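The values are calculated or read from the model by the stated rules, or taken from the named source; none is laboratory data. Model, not experiment: these values are computed from the prediction. When we count neighbours, we look across all protein chains shown, and the Cβ atoms used for this are built from the backbone with ideal geometry, even at glycine. To get the accessible areas, we keep the full protein, side chains included, count just its heavy atoms, and leave off ligands, DNA and RNA. Shrake-Rupley method; radii C 1.70, N 1.55, O 1.52, S 1.80 Å.
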Amino acid sequence: MKRHLLKRIDLYLLKKFLGLFLMTFIITSFILLMQFLWVHVRDLVGKGVEISVLAEFFIYAVMSVVPLALPLAILLASLMCFGNLGEKFELTAMKAAGVSLFRIMRSLMCGIAVLCVGAFFFSNYILPMSQTKLWALIFSLRQKSPELDIPPGEFYNGVPGYMIYVAYKDPPSGMLYDMMIYDYSNGFQDATVLVADSGQLFVTEDHHYLMLRLYDGEGFENLDRQQQRATKSRRNVPYRREIFTRKEMLIEFDTDLKRYDESVLADQHVSKDVNKLIHSIDSVTVLAKDRARNQSNELIHRHYFNRENVEDFVIGNVPPEQYRSIDSLYNTLSDRKKLRAVSNAVDRARQKKDQVQYNNVMLEDYTYYIRKHKIELHRKFTLAFACLIFFFIGAPLGAIIRKGGIGAPIVISVLMFVVYYIIDNTGYKMAREALWPVWAGMWLSSFVLLPIGIFLTYKAATDAALLNPEAWLKQYEKIKNKIYHEYHRRSNKRLRSR
């Protein structure tokens, strides 16, 4: 009978937690997605992007925010789930029936363990693919020409090499009135000016050119640009004036979306799984060691660190045994040769310094490449571990505060997640700048939050009133009375001794 009751409790908790988790995951993903879109809004607005491309962008963007949304959703769902159980005294009834907190959490712990494994596989297989496609799409959108929409009363510079002004326009007919066009495609000094009473501007059928059709206007263009540049004066420079009733211009303006080659991103750390990351780290480490070894051998073989050949210092008839002392060798030189020797030494030292700096730069590329791959490798494991830690923070914290709903749980979850994000971002930057080892920086947030989870779980299992103000006030009064009695005891003891 008891076993059947426990199974019903497990199913009840799983059903309750799953509903809250799905709700919080959707909400947190939406909030983080809005933040992501705010960063890349310039790549989307005014580009005339098709609905299918936007849908593709949103799908990849949602996948990219999962590493942040998943731990936050687990924290919030577990806190709300156990907060509701405590607020409705369901948790108290379970404990009164002899069911411990760990037994109550057992079914959810198994579910969270499965979720952590799923998070690892997601970050190892799905996330690299989505990141590659997302950044390839972002680069493609950045290179796409903006949608042609000339605002009236303003100078429009959306067409490369041209500045277009329109006083007003008629949207139904597409006519533009009182137009002024500055053509500086050959440079600002060689700009051509066109004014027209009206005109039309539209994209050709192949989406590669703009057709500019002008009516009743005139144009101005310098004829002797070379003379103007040579004299640096506008005086006596001939120009051409053109009067037209109709004029057509073809302007290169590609509005198609050119897909960025995803193979270019194949060697980036965000596009690799664990096996590829380990293989890249090992390969580049071997290359870095070989290059460092070759650089050190090159310096030694080129007589760096005072490893000079004796033949380089043969001067006159000085016996070779005197070459062992640099000072004695220098003293044998004339003043003119001393000056030349010092100058040569300074030049050689400067050359060696430049060579060492160049070698450091070349090695830094390898070390930075290795560091980025190691960071990504640890990140795939820290995501799964963060989900587990946040469950052991949210569940016991909800059992302690016994507050359900979306009020206190959201405030506490957001504060806890902000602390986690700051610590995690700090560790990431420390690892990226090589101030800390990569493993220490990437696991810093786990090292900090794991003791907090253990402490909260212990307090919840022992029914400690951790966040009860009355309990803290009683403890304060107890400590204050103890200090007061101890003070009077010592005072009376000193009085008796006198």
Q: Scan the range 453-462 for residues that are closer than 21 Å to Phe381 by Cβ and either touching a Cys at 6+ places or on another chain (Cβ under 6 Å) or open to solvent by 60 Å² or more (accessible area, probe 1.4 Å) (or both) and jot them down.
A: Ile454
Q) In this structure, does Val418 turn out to be out of contact with any Phe, Trp or Tyr (no Cβ under 7 Å at 6 or more places or on another chain), over 24 Å from Lys272 (Cα atoms), at pLDDT 85 or above and loosely packed, with under 14 Cβ neighbours inside 10 Å? A) yes
Q. Can you find a residue in the range 101-109 that is farther than 20 Å from Leu397 by Cβ and open to solvent by 40 Å² or more (accessible area, probe 1.4 Å)?
A. no
Q | Matching residues, the range 425-447, being open to solvent by less than 60 Å² (accessible area, probe 1.4 Å) and either in contact (Cβ under 8 Å) with a residue 24 or more places away in the chain or small (Gly, Ala, Ser) (or both) | A | Gly427, Tyr428, Ala431, Ala434, Val438, Ala440, Gly441, Met442, Trp443, Ser445, Ser446
Q) Within the range 6-43, which residues are hydrophobic (A, V, I, L, M, F, W, C), closer than 14 Å to Ile138 by Cα and loosely packed, with under 15 Cβ neighbours inside 10 Å? A) Leu37, Trp38, Val39, Val41
Q: Take Phe121 and decide whether it is open to solvent by 30 Å² or more (accessible area, probe 1.4 Å) and at pLDDT 75 or above.
A: yes
**Q.** Answer from Ala464, Ala471, Ala460, Ala431 - the residue that is over 28 Å from the mean Cα position of the chain (by Cα) and modelled with pLDDT of 80 or more
**A.** Ala460
Q: Evaluate the range 235-255: report whether one residue or more is part of a loop (DSSP other than H, G, I, E, B), more than 30 Å from Ala191 (Cα to Cα) and either in contact with a Cys (Cβ under 6 Å, 6 or more places away or on another chain) or modelled with pLDDT under 85 (or both).
A: no
**Q.** Residue under evaluation Arg371, criteria (1) closer than 30 Å to Met442 by Cβ; (2) at pLDDT 80 or above; (3) open to solvent by 60 Å² or more (accessible area, probe 1.4 Å), criterion not met
**A.** (3)
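Results for (1) of a type in the set (D, E, K, R); (2) under 15 Å from Leu134 (Cα atoms); (3) touching a Cys at 6+ places or on another chain (Cβ under 8 Å), shown as yes or no for each residue.
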position	(1), (2), (3)
Tyr60	no, yes, no
Ser64	no, yes, no
Leu68	no, no, no
Gly83	no, no, no
Glu90	yes, no, no
Arg106	yes, no, no
Gly111	no, no, no
Q.
So in the range 189-210, with the set limited to residues that are of a type in the set (Ser, Thr, Tyr) and outside any loop (DSSP other than H, G, I, E, B), which one is modelled with the highest pLDDT?
A. Ser198
